[in-house]
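So the structure is just underneath, and the comments pick up after that.
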Amino acid sequence: MFARNVSLRSPLKLAPEHVDLWYTRTDQVAPELASQYQALLTAQELIQYSRFYFEKDRHRYLVTRALVREVLSRYAPVAPEVWRFEADRYGKPFVVNPTGVARQITFNISHTDGLVVLGIRLSRALGVDIESTAREAPLSVSEQFFAAAERRDLCSLPPLHQPMRFWELWTLKESYVKARGMGLSLPLDQFSFDLTLSSTVSVQFAPGFEDMPSRWQFWLLRPTVHHLLSVCVETPGLDDLPIRLNVREIVPQSFHRLVHCPICRFPQTTPHCSTNT
């Protein structure tokens, strides 16, 4: 299949209605290339890198940091190694570079076995969560973290289908929590997702929960056959354009390409992301 490679020098622009998703397959980054990413890290990041015991964790850390820095430099006139970040009281990182457009960028990161995902948009809240569906689904945790309606939905399915429904609900919950930026201070059983309609994902909040369903929009995507990605985006105002997702695969300091990533809903059979032709 022909992939349309995009020059690393091509500038990209973010419109308020755009959400850009970038993902890297960690096994596509050779160790020699990953070692070059160390030059992009701050002294504190290098210390954090050295603390990982397993090589696969050090590799993923380097890939993640390089991904964030290179992608952000696609939107703002800041060299990858110059980006600086701080964390809020919930541990969520944000950009502290002084340039105007850099300070307007909202980003969110998620990683799992074999894949790292970065979401980018302007100003409004964004959350992404990626999980490997190749690993065993911990169905028992649904009793503690899922709302009653979600547990009923999960139990109503044949056992063979329950793991994928679990990952759908779990990643959606994680993406919402990350978009809110409040960590586990949000009770996971106080909001629920309805996946009974094939074309939409709807969220409901328990009485007293301080939020409104109309504030958020959700997507489920399959970057690869073994990964499920949930995206939570704060909706624009009524007069704004509909939100548009753009998906790219990237190997930092090597290439990136646009991909077609259709909306995925189980048990429908939906292909994973494919490169544009």
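The values are calculated or read from the model by the stated rules, or taken from the named source; none is laboratory data. Note that the structure is predicted; figures quoted are calculated from it, not measured. Reconstructed Cβ throughout: ideal geometry from the backbone, glycine too, with neighbour counts over all protein chains shown. All accessible areas refer to the heavy atoms of the entire protein, side chains included, with ligands and DNA or RNA removed. Shrake-Rupley method; radii C 1.70, N 1.55, O 1.52, S 1.80 Å.
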Tell me, yes or no, whether segment 117-137 has at least one residue that is within 19 Å of ASP211 (Cβ to Cβ), loosely packed, with under 13 Cβ neighbours inside 10 Å, in contact (Cβ under 8 Å) with a residue 60 or more places away in the chain and not basic (Lys, Arg). no
Which condition number does SER140 fail, the rest of (1) surrounded by fewer than 18 Cβ atoms within 10 Å (Cβ to Cβ); (2) closer than 30 Å to PRO16 by Cα; (3) among the small types (Gly, Ala, Ser) being met? (2)
Can you give me the number of residues within segment 212-262 that are open to solvent by 40 Å² or more (accessible area, probe 1.4 Å), hydroxyl-bearing (Ser, Thr, Tyr) and part of a strand (DSSP E or B)? 0
Filter segment 171-200 down to the residues that are in contact with a helix residue (DSSP H, G or I) (Cβ under 8 Å, 6 or more places away or on another chain) and part of a helix (DSSP H, G or I), then identify the one that is most open to solvent (accessible area, probe 1.4 Å). LEU184
Only one residue in VAL78, VAL95 is buried (at least 16 other Cβ atoms within 10 Å of the Cβ) and more than 26 Å from MET182 (Cα to Cα). Which one? VAL78
Whichever residue in segment 11-27 is charged (D, E, K, R) and in a loop (DSSP other than H, G, I, E, B) and, among such residues, is nearest to VAL231 (Cα to Cα): GLU17
Looking at segment 136-184, which of its residues are among the small types (Gly, Ala, Ser) and over 18 Å from TRP216 (Cβ atoms)? ALA137, SER140, SER142, ALA148, SER156
Which listed residue is closer than 30 Å to ARG257 by Cβ, over 18 Å from the mean Cα position of the chain (by Cα) and in contact (Cβ under 8 Å) with a residue 24 or more places away in the chain, from LEU195, LEU241, LEU228: LEU241
Kindly establish whether SER35 is free of Cβ contacts under 8 Å to residues at least 24 places away in the same chain and more than 16 Å from the chain's Cα centre (by Cα). no
If I ask for residues that are of a type in the set (Gly, Ala, Ser) and either more than 20 Å from the chain's Cα centre (by Cα) or modelled with pLDDT of 90 or more (or both), which ones from segment 75-113 would you list? ALA76, ALA79, GLY100, SER110
Filter result (under 16 Å from SER123 (Cβ atoms), without any contact (Cβ under 8 Å) to a residue 24 or more places away in the chain, part of a helix (DSSP H, G or I) and of a type outside the set (S, T, N, Q)) within segment 81-108: GLY100, ARG103
If you go through segment 48-56 one residue at a time, do you hit one that is open to solvent by 20 Å² or more (accessible area, probe 1.4 Å) and in contact with a helix residue (DSSP H, G or I) (Cβ under 6 Å, 6 or more places away or on another chain)? yes
Taking the criterion of being touching a Phe, Trp or Tyr at 6+ places or on another chain (Cβ under 8 Å), modelled with pLDDT under 95 and not β-branched (Val, Ile, Thr), would at least one residue in segment 170-178 satisfy it? no
